[in-house]
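Here the structure comes first, spelled out in structure tokens, and everything after it is commentary.
The values are calculated or read from the model by the stated rules, or taken from the named source; none is laboratory data. It should be emphasised that the depicted structure is a prediction, and the values quoted were computed from it without experimental measurement. All Cβ positions, glycine included, derive from the backbone under ideal geometry; neighbour counts span all protein chains shown. Surface accessibility is based on the protein's heavy atoms, side chains included, excluding ligands, DNA and RNA. Shrake-Rupley method; radii C 1.70, N 1.55, O 1.52, S 1.80 Å.
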Amino acid sequence: MALQLTMAFSDNPRVRPLKDGTVKPQGIDLNCITVDPGNLFQRNLTHDDFDVSEMSISETLLARERGDGSKWNWVALPVFLSRGLFWANLCVNTSSGINGLADLKGKRIGVPDYDMTAALWFRITLKDMYDIEAGDNIWYNGRTKELSHGGALGLDKAGPVGVTHHWLTV
């Protein structure tokens, strides 16, 4: 009898051969589900829905740190399905006086989730290249606590130390 596994990933060319059956693992029947990353990560953190799943690096590390053994009992494999520079979508208010990344010090910054990997890399880049600490800015979460990955991880109760962080409330 074959092992039955539900596998969830974003629509990614690296896993399509598993989904379309081009690659068939021996002794495993895969039920492949495609979910956009934001909803996929939320379902992982809130419901632990899948046997095998893509997950954010930063949120995996937070889940391991904050887990109590009742959920998030995951084994992490170092497989990088989607690597990319997400800053092509970085937008600034034209009247803000921001002409480059160095001008972000002391500004308000909005991200979908403060704890997401892309936001983590953004904060690291600001620190390493421009000596801008996360606490130098005011951060806004683009999701409510209830729909946020950070909310599922408990960051609404024990958030980033020394950082002003606001949650979307509507």
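Keeping all protein chains in place and using 1.4 angstrom, which order do LEU155, LEU3 fall into by accessible surface area, from largest down?
Heavy-atom accessible area, descending, gives LEU3, LEU155.
Suppose each label sits 7 Å from its Cα in the direction of the beta carbon; what would the LEU3-ARG108 distance come out to in nanometres?
It works out to 5.0 nm between the two label points.
Amide H neighbours of CYS32 under 5 Å, counting only residues 5+ apart in sequence or on other chains, H built in-plane at 1.01 Å?
Residues meeting the amide H criterion: MET7.
With the full set of protein chains in place, find how many percent of the accessible area of the chain is carbon and sulfur; take the probe as 1.4 Å.
That fraction is 54 percent.
Order of 71-77, 6-12 by packing, highest average Cβ count within 10 Å first?
Highest-to-lowest ranking by the protection proxy: 6-12, 71-77.
Report the paramagnetic label zone for ASP68: residues of the range 152-170 whose backbone N is under 18 Å from a point 7 Å from Cα along the Cα-to-Cβ axis.
What the label zone holds, given the 18 Å backbone N cut-off, is 152-159.
Is the shape of the range 17-99 rounded, prolate or oblate, going by the alpha carbon gyration tensor and its root eigenvalues a ≥ b ≥ c, with a/c under 1.5 for rounded and a/b larger than b/c for prolate?
Working: a/c = 2.74, a/b = 1.57, b/c = 1.74.
It comes out oblate by the Cα gyration axes.
For the chain, what is the accessible area per residue in Å² when the probe is 1.4 Å?
64
Please give the calculated 222 nm ellipticity per residue for the chain, where each DSSP H segment of at least 4 residues contributes -39500 (n - 2.57) and the sum is spread over every residue; nearest 500 deg cm²/dmol?
So the helix-based figure for the chain works out to -7000 deg cm²/dmol.
Report the charge-dipole magnitude of the range 79-160 in Debye, nearest 20, computed about the Cα centre from +1 at each Lys and Arg Cβ and -1 at each Asp and Glu Cβ. Write out the running numbers ahead of the final one.
On the way: 9 positive and 9 negative charges, 25 e Å.
It works out to roughly 120 debye.
For the range 159-170, just list the computed ³J(HN,Hα) in residue order, Karplus coefficients 6.51, -1.76 and 1.60, θ = phi - 60°, integers in Hz, with x standing in for Gly and Pro.
Whole-Hz 3J(HN,Hα) from phi for the range 159-170: x, x, 5, x, 10, 7, 9, 10, 9, 4, 10, 10.
Assuming R0 = 22 Å, can you tell me the calculated FRET efficiency for the pair CYS32 and SER82, based on Cβ-Cβ distance, to the nearest 0.05?
Numbers: r = 16 Å, r/R0 = 0.74.
Once the sixth-power term is evaluated, E becomes 0.85.
So how tilted is helix 57-66 from the main axis of the chain? Cα-based, degrees 0 to 90, rounded to 10.
90
Would you mind checking which residues have amide H under 5 Å from ILE109's amide H? H placed 1.01 Å from N; only 5 or more apart, or other chain.
ILE138, TRP139, TYR140
Angle between the Cα long axis of helix 37-47 and the longest principal axis of the chain, 0 to 90 degrees, nearest 10?
70
Out of these labelled values of Rg/Rh (Cα atoms, Kirkwood Rh), (i) 1.09; (ii) 0.99; (iii) 1.02, which was calculated from the coordinates shown here?
(iii)
Note down the magnitude of the dipole of the chain about its Cα centre, charges +1 on Lys and Arg C-beta and -1 on Asp and Glu C-beta and zero elsewhere, to the nearest 20 debye.
160
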